[in-house]
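Working notes, structure below.
The values are calculated or read from the model by the stated rules, or taken from the named source; none is laboratory data. Here the structure is a predicted model, which is why all the values come from computation and not from measurement. As a convention, Cβ positions derive from the backbone with ideal geometry for all residues, glycine included, and neighbour counts pool all protein chains shown.
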Amino acid sequence: MHHAVPDFSTRETRETKETIETITPYRVAGNCKISIVSPEINQIDETNKTNQINQKNKNLESPMKALITGITGQDGSYLTEFLLSKGYEVHGLIRRSSSFNTQRIDHIYVDPHDPNPRLFLHHGDLSDSGQLMNLIYNIKPDEIYHLGAQSHVRVSFDIPEYTGDITALGTTRLLEALRRSGVKAKLYQASSSEMFGAAPSPQSETSPFLPRSPYAAAKVYAYWMVRNYREGYRSFASNGILFNHESPRRGETFVTRKITRALANMLGGNQKRLYLGNLNAKRDWGFAPEYLEAMWRILQQEEPDDYVIGTGESHSVKEFVDHAFSYAGIEITWKGQGVEEKGIVKGASSRWDPTLKPGDVLIEIDPRYFRPTEVESLQADITKARQHLGWEPRTTFEELVKIMVDYDMKLAGLEPGGEGIAISLNKGFAYTNHDYSFYEKIREGC
Ligand code: NAP
Ligand code: GDD
């Protein structure tokens with residue numbers, strides 16, 4: 001679908017603004033400790049390096065070491081918990097920020113002065129090759145999970161050059177730092193189903209890449225750099241081509257979280273309308289904690305390779321809205337066409353009297369959320385992952401919606417339905433409680 005789009009080039013999007021407004025006040029109020037470690041800057045002797053760094057102590061006492069870029073993001077936070085639960089020592093790259101940006105990992109923070117800390121955070125940026133090289137050389141990780149990126153597709157149209165720098169070239173910087181350091185780490189690249197773009201569904205490892213955004217084009221470049229380093233330099237570098245995955249920790253401006261947060265805010269009487277873009281886009285939405293288990297499995301293979309990870313099911317944005325509202329006891333009916341389409345309350349549980357009543361318009365279209373070029377439909381063919389990794393999704397679309405609604409209701413101070421929380425706790429994710437301890441910490445005055 002093509003949309004007439006107003007000029008986005010100079011204007012901050014509402015989503016960007018909302019993110020800033022939502023996050024900043026909390027962070028400036030906090031004073032949480034963060035364990036930042038700055039390894040000494042070593043001069044790397046090019047001629048000697050391979051010998052030096054291949055002498056890694058592999059005795060059984062020494063834990064596996066992982067370096068994660070994007071550790072403060074949705075996936076990075078779950079992956080950290082998962083790897084810590086497996087006994088890894090985890091090192092994360094975090095960006096210098098004038099306000100705290102570690103809310104997803106604050107609850108697993110360990111003061112480096114405590115005995116046996118296993119989580120270390122290091123300042124750095126994917127635009128800074130020197131620090132990437134320095135960290136790899138000094139940490140000597142066994143595995144690198146490269147999750148850091150400017151990851152918002154819509155925003156990539158506003159800042160295409162920056163997106164290329166971080167999402168595309170950032171991967172090259174990391175691959176090159178790894179190669180030059182001589183460290184024999186396995187590298188996971190967070191490739192994306194967005195790379196398939198206009199390719200017909202279902203998409204597998206052999207589907208063509210027809211990217212439809214600066215973000216997708218940047219990821220395609222990064223994908224091919226990974227393959228080139230694998231083939232040219234025999235690097236153990238693998239692509240996980242992950243379809244959309246969501247959770248209570250999903251960024252607030254991605255559509256699923258935007259919907260579940262808005263729903264909770266509406267039920268709490270704190271938001272009147274939800275403005276969305278393309279309601280008909282279809283995505284293969286899965287539950288994020290399962291996807292980082294796939295990442296880990298990809299790096300446990302004997303040989304590097306590329307894998308599609310998804311659920312195999314596809315649902316529209318409108319379906320997501322319908323399911324979320326219905327779980328909360330609100331039936332939505334859709335009226336109007338195109339930008340005039342509206343989501344209206346058809347019926348509501350008496351629990352929401354008098355906050356919501358039949359006839360209330362809750363959802364409207366704002367063309368600012370349309371993309372100049374859209375990906376209409378994504379649906380994964382996960383045959384290869386099933387066969388080679390033994391990986392299967394365990395959470396259905398309906399369950400995912402319930403999980404996200406429950407956690408956002410909890411966050412908004414409302415009594416959640418409870419089914420979603422029970423599902424998330426009973427699906428075998430013993431290493432996480434999906435919390436954003438950030439909010440708890442504010443109440444503690446940290
Ligand atoms: P996310 O929540 O947006 O997290 C992105 C991470 O990258 C954050 O930790 C962010 O740090 C970091 N980052 C951004 N710019 C950076 C820079 N210049 N230098 C260093 N770090 C930087 O993303 P996610 O959902 O966890 O996704 C993880 C990765 O998988 C991303 O590469 C994404 O593109 C890819 N992916 C995601 C999905 C999905 O559905 N979630 C699907 C396919 C692929 P700050 O916290 O400081 O911003
Ligand atoms: N964000 C957003 N906001 N998307 C909306 C809205 C809205 O108000 N209304 C409709 N949509 C539609 C988008 O146009 C898109 O078709 C779909 O909802 C999903 O959008 P996002 O949740 O922003 O995710 P994405 O599919 O563009 O990108 C995510 O998944 C990729 C994997 O396919 C990101 O996590 C990427 O980093 C990831 O690679």
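When A222 is tested against (1) out of contact with any His (no Cβ under 9 Å at 6 or more places or on another chain); (2) aliphatic (A, V, I, L, M); (3) more than 20 Å from H122 (Cβ to Cβ), just one condition goes unmet, and that condition is (1).
Within the stretch 248-280, the set of residues being farther than 18 Å from T333 by Cα, more than 9 Å from ligand 1 (Cβ to nearest atom) and among the small types (G, A, S) comprises A264, G268, G269.
How many residues, within the stretch 227-269, are aliphatic (A, V, I, L, M) and more than 30 Å from Q103 (Cβ to Cβ)? It would help to see each step written out before you state the result.
Pass one, the stretch 227-269, residues aliphatic (A, V, I, L, M): 237, 241-242, 255, 259, 262-264, 266-267.
Subsequent filtering for residues that are more than 30 Å from Q103 (Cβ to Cβ) retains 237.
Looking only at that region, the number is 1.
Conditions tested, residue by residue: (1) in contact (Cβ under 8 Å) with a residue 40 or more places away in the chain; (2) within 15 Å of ligand 1 (Cβ to nearest atom); (3) touching a strand residue (DSSP E or B) at 6+ places or on another chain (Cβ under 6 Å); (4) not in a loop (DSSP other than H, G, I, E, B).
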site: I71; (1), (2), (3), (4): yes, yes, yes, no
site: S98; (1), (2), (3), (4): no, yes, no, no
site: R104; (1), (2), (3), (4): yes, yes, no, no
site: S151; (1), (2), (3), (4): yes, yes, no, no
site: S156; (1), (2), (3), (4): yes, yes, no, yes
site: Y162; (1), (2), (3), (4): no, yes, no, yes
site: G170; (1), (2), (3), (4): yes, yes, no, yes
site: E176; (1), (2), (3), (4): yes, no, no, yes
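Within the stretch 249-337, which strands (runs of 3 or more DSSP E) (wholly inside it) include 2 or more residues that are crowded, with 22+ Cβ neighbours inside 10 Å and in contact with a Cys (Cβ under 8 Å, 6 or more places away or on another chain)? Please lay out each step first, then the result.
Working: elements: 274-276, 306-309, 330-335.
Per the criteria, no element qualifies.
Just checking, which of P115, P141 is out of contact with any helix residue (DSSP H, G or I) (no Cβ under 6 Å at 6 or more places or on another chain) and either assigned to a strand (DSSP E or B) or farther than 24 Å from S238 by Cβ (or both)?
Numbers: P141 fails: either assigned to a strand (DSSP E or B) or farther than 24 Å from S238 by Cβ (or both).
Going through P115, P141 in turn, just one is out of contact with any helix residue (DSSP H, G or I) (no Cβ under 6 Å at 6 or more places or on another chain) and either assigned to a strand (DSSP E or B) or farther than 24 Å from S238 by Cβ (or both): P115.
Every test in (1) modelled with pLDDT of 95 or more; (2) within 15 Å of ligand 1 (Cβ to nearest atom) is passed by Y88 save one, and that test is (2).
Please find, among L79, L121, the residue that is in contact (Cβ under 8 Å) with a residue 12 or more places away in the chain, within 13 Å of ligand 1 (Cβ to nearest atom) and outside any helix (DSSP H, G or I). It would help to see each step written out before you state the result.
Details: L79 fails: outside any helix (DSSP H, G or I).
Only one candidate passes the filter, namely L121.
Can you find a residue that is closer than 21 Å to L263 by Cβ, within 19 Å of the chain's Cα centre (by Cα) and aliphatic (A, V, I, L, M) anywhere in the stretch 358-374? Looking for residues that are closer than 21 Å to L263 by Cβ, within 19 Å of the chain's Cα centre (by Cα) and aliphatic (A, V, I, L, M), one finds none in the stretch 358-374, hence no. If you go through the stretch 63-121 and keep only what is over 24 Å from G251 (Cα atoms) and among the aromatic types (F, W, Y), you end up with just Y88.
How many residues are near ligand 2 (Cβ under 10 Å from one of its atoms) and of a type in the set (G, A, S) if we restrict to the stretch 373-387? Walk me through it before giving the result.
We begin by selecting, within the stretch 373-387, every residue near ligand 2 (Cβ under 10 Å from one of its atoms); these are 374-378, 380.
Subset that is of a type in the set (G, A, S): 377, 380.
Residues in the stretch 373-387 being near ligand 2 (Cβ under 10 Å from one of its atoms) and of a type in the set (G, A, S): 2 in total.
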